[in-house]
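The values are calculated or read from the model by the stated rules, or taken from the named source; none is laboratory data. On a predicted model such as this, the values are computed, not experimentally measured, just so you know. Because the Cβ atoms are built from the backbone with ideal geometry, glycine has one as well, and the counts that use them run over all protein chains shown.
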C-alpha cells in the first residue's frame, strides 16, 4: 500500500510531502501534476494554487530535501570570522552527499551523463543546481549585509563558487597522489579569500 | 606488423616515440621499461639513462602529447592584456579535449571512476594532471615575470585554477538551462580577475 501524507498538515505541505516521496521512490521520473495531487489527496486546482509551475514545485521540494541534508548553519554568528563561515558554507555543500565520492559520481554519471537524461532527470538536476546556487548566494548575501563582503553580483559569485565546488568534488573521485583533504581545505580558503578581498 | 620508430632520430626521441605509440595503442596499460626499450630499439640501460624513473618518462610523453594538442601559445605577447592571455591560457585547457564533453567524461569515467583504476591508468592520469598544472603555472610565471601578477605561490594558484577548469568541464557534460559558452567565458574572466587582483 502506498504511504499516505501525514494527518493534520496543510495542503501545501501535503503536496510537498507527496512530491518528495514520489521523487524518493522514482528519482528522475517526470512527476505529473495530476499524480502528485492524487498522492497528496488534494485537487489539481489546489496544487496549482500553491505551485503555479512544475518548476516552482520542484524547487521547493529540492530545497526541503537539502534542508534535511544540510541543516541551517552558523552563517549569522558574527563571532566567527567571515572567511571561516564562508569556507564552512562551501565545505558543507561539498560533503553534503556524505557518501564515497566515487559512488556519488557514479550515480550522477549514470543519471545525467551516460545517456541523454530524461526530461524528469534534467528537471531534477536543474532544480538541485538552482538550490545549491541559492544556498551559496545566501551565504554571500549574509556577509554582504554585515559589511564583510563588498557589494557585488552575488548570483555570479555563487555560480563561480559552485563551479569550483564541482571541480573539487570530481577531483575526489579521480586518482590522486595524496589524501584530498588538506589540499581541498587549502583551496577552499584560497577561494574564500579571493571572494572576500574583492 | 608493429610500427617502428622513425629513422634518424635520437635515442631519447625513439624512446618517447615508442612510449607515446604504446600509450595510444593501449591507454591505461602500465608500460614496462623493458617493453618500451624493445619497441624503441634501444637498451634498457639507454632508456634509464634518459629517463631514470618511469614517472619521468610518463611526464615527458604526456607533455609531448599535450604539445601536439595544445600548441605553444601567445603568452609572451605583451601587446595583449594580461587578463586576456590568462583567459586564453585557461580556455585552451578547457577545450583541449575537443570532443563532445559528454563523450570525454564518459571516457574519463570508464577509465578512472567506474572501477578502481589500474596502476597504469592511475599513473597516466596523474602525469596528465601534473602536465596541466605545469601549463597553468607556466602562464602564471610568465605574467609574474613581466609584473602583471603579484609574486605568489603559483603552484598553488595553478592547482586552484585547474580545479576550477575541471568544474567548468564537468558542467559541460551535466544538464544545463542554457548554452554553456557565455557563462563559461564570464566565469573564466571572473577567475582571471581574481588572480590578477591579488
Residue B:45 meets each of (1) over 24 Å from the mean Cα position of the chain (by Cα); (2) exposed (fewer than 15 other Cβ atoms within 10 Å of the Cβ); (3) not in a helix (DSSP H, G or I) with one exception, condition (3)
Residues of segment A:166-181 being part of a helix (DSSP H, G or I) and either more than 17 Å from residue A:109 (Cα to Cα) or more than 7 Å from chain B (Cβ to nearest Cβ) (or both), in sequence order, are A:169, A:172, A:180, A:181
Within segment B:48-70, restricting attention to residues that are out of contact with any helix residue (DSSP H, G or I) (no Cβ under 8 Å at 6 or more places or on another chain) and outside any loop (DSSP other than H, G, I, E, B), which residue is surrounded by the fewest Cβ atoms within 10 Å (Cβ to Cβ)?
B:68
Just checking, does segment B:97-107 include any residue being more than 11 Å from chain A (Cβ to nearest Cβ) and either crowded, with 16+ Cβ neighbours inside 10 Å or modelled with pLDDT of 95 or more (or both)?
yes
Scan segment A:105-155 for residues that are more than 26 Å from residue B:113 (Cα to Cα), over 17 Å from the mean Cα position of the chain (by Cα) and in contact (Cβ under 8 Å) with a residue 40 or more places away in the chain and jot them down.
A:142, A:143, A:146, A:148, A:149, A:150, A:152
Which of the residues spanning segment B:109-123 are in a helix (DSSP H, G or I) and at the interface with chain A (Cβ under 9 Å from one of its Cβ atoms)?
B:109, B:112, B:113, B:121, B:122, B:123
Name the single residue, out of those in segment B:1-42 being over 26 Å from residue B:114 (Cα atoms) and modelled with pLDDT under 85, that is farthest from the chain's Cα centre (by Cα).
B:1
Among (1) touching a helix residue (DSSP H, G or I) at 6+ places or on another chain (Cβ under 8 Å); (2) assigned to a helix (DSSP H, G or I); (3) within 16 Å of residue A:195 (Cβ to Cβ), there is one condition residue A:131 misses while meeting the rest; what is its number?
(3)
Tell me the residue from A:132, A:161, A:126 that is crowded, with 16+ Cβ neighbours inside 10 Å, on the phi < 0 side of the Ramachandran plot and at the interface with chain B (Cβ under 7 Å from one of its Cβ atoms), please.
A:126
When you scan segment B:136-158, do you find a residue that is under 18 Å from residue A:187 (Cβ atoms), within 11 Å of chain A (Cβ to nearest Cβ) and either in contact with a strand residue (DSSP E or B) (Cβ under 8 Å, 6 or more places away or on another chain) or buried (at least 17 other Cβ atoms within 10 Å of the Cβ) (or both), even just one?
yes
Does segment A:83-94 include one or more residues that are more than 11 Å from chain B (Cβ to nearest Cβ), more than 18 Å from the chain's Cα centre (by Cα) and farther than 21 Å from residue A:63 by Cβ?
yes
Matching residues in segment A:20-42 - criterion: being surrounded by 13 or more Cβ atoms within 10 Å (Cβ to Cβ) and closer than 17 Å to residue A:111 by Cβ:
A:22, A:23, A:28, A:29, A:30, A:31
Residue B:76 meets each of (1) part of a helix (DSSP H, G or I); (2) away from chain A (no Cβ under 12 Å); (3) touching a residue at least 24 places away in the same chain (Cβ under 8 Å) with one exception, condition (1)
Taking the criterion of being facing another protein chain (nearest Cβ under 10 Å), closer than 30 Å to residue B:29 by Cα and part of a helix (DSSP H, G or I), would at least one residue in segment B:182-191 satisfy it?
no
